[in-house]
Amino acid sequence: MRSQPTAVVAEDESTLRHELVEQLDKLWPELSIVAEAADGVQALRLLDEYQPDILFLDIEMPGATGLDVARQVGGRSHVVFVTAYDQYAVAAFDQGAVDYLLKPLVPARLFTAISRLKQRLQQGLAPMELGGVLEQLGARNGSTGASLAGRAPLRWINASVGQTLKLITVDEVLYFQSDNKYTRVVTREGEALIRKPLKELVEELDPQQFWQIHRSTLVNATAIGAVTRDFRGRMQIKLKQIDEQLLVAESYVHLFKQM
């Protein structure tokens with residue numbers, strides 16, 4: 001181990017990457033973040049260039065996935081997987097990866113991961129070989145390990161509020177609604193915009209939690225306060241937390257027959 005441990009942070013979401021770096025600086029000031037990667041290809045280059053002691057590695061990245069990058073680590077670095085998908089993180093941890101972090105980040109969980117890393121570094125333990133971990137994960141996601149989205153419900157999104165990028169957990173969302181080139185994300189606190197189309201959200205969100213009630217609207221079932229009919233006989237949803245009603249298209253009325 002070097003006198004001062006080094007790390008590379010590989011995370012494609014800039015907000016999450018900056019948050020992780022900031023938290024690491026607070027909780028582990030002795031750790032030197034030598035580089036940051038915004039995609040898998042850059043992570044591979046930085047891994048070869050810096051040979052860091054630790055690699056914080058997002059599983060889902062463009063260019064090359066975190067699994068692709070991890071295959072090239074070859075025992076050179078301790079790996080901490082970062083993921084929004086619980087079962088993949090837990091599987092990796094159980095099979096011997098140093099640790100994992102779930103998005104959104106929780107400082108207490110990061111502190112636990114740091115403690116384990118410090119212990120391994122202080123004991124001079126070599127980084128674990130990830131062959132078994134990657135084989136398990138690859139078996140779950142196909143031979144290429146290309147995409148984890150769609151294998152587990154989406155848990156958080158990055159949305160724009162003016163010039164600010166805001167992290168929103170899906171549990172906060174009351175409904176999504178298509179709006180020209182964007183999709184509106186409506187919460188109790190207000191609304192934001194994302195570029196992801198509604199048809200992709202339908203595939204990524206938990207269908208038990210988010211119901212499509214119109215070709216342009218997905219509603220969080222837990223946010224539904226009442227179902228009514230207007231004077232034209234059209235079904236409408238009243239939301240619990242905001243004074244707003246959403247139209248239910250005839251093709252989706254069957255969802256509410258038991259209500």
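Derivation of every value follows stated rules applied to the coordinates shown; laboratory data play no part. The model shown is predicted, which means the values in this text are computed figures rather than measured ones. Cβ: placed from backbone, ideal geometry, glycine included. Neighbour counts: every protein chain shown.
Starting with the fewest neighbours, write out T65, T6, T164 ranked by other beta-carbon atoms found within 10 Å of each beta-carbon.
Starting with the residue having the fewest Cβ neighbours, the order is T164, T6, T65.
Measure out, as a whole number of angstrom, how far apart the alpha-carbon centroids of the stretch 1-54 and the stretch 191-234 sit.
Here the two parts' Cα centres lie 38 Å apart.
Taking the number of other C-beta atoms within 10 Å as the exposure measure, put F231, F56, F81, F256 in order starting with the fewest.
Sorted ascending by nearby Cβ count, the order is F231, F256, F81, F56.
Run through every distinct alpha carbon pair of the stretch 174-259 and return the Kirkwood hydrodynamic radius in angstroms, one decimal place.
When all Cα pairs of the stretch 174-259 are included, the Kirkwood radius is 13.2 Å.
At a 10 angstrom cut-off on C-beta neighbours, averaged per residue, how do the peptides 232-244, 194-206 rank from highest to lowest?
Going from most to least packed, we get 194-206, 232-244.
Please give, to one decimal in nm, the separation of the simple spin-label points placed at Y182 and Q119, each 7 Å out from Cα toward the Cβ.
About 4.7 nm, to one decimal.
Given the pairs K199/K240; K118/K166; K103/K238; K181/K238; K26/K181, which span a C-alpha to C-alpha distance of over 29 angstrom in this model?
Over 29 Å apart, Cα to Cα: K118/K166; K103/K238; K26/K181.
Between V106 and K238, how many nm apart are label points set 7 Å from Cα along the C-beta direction?
3.6
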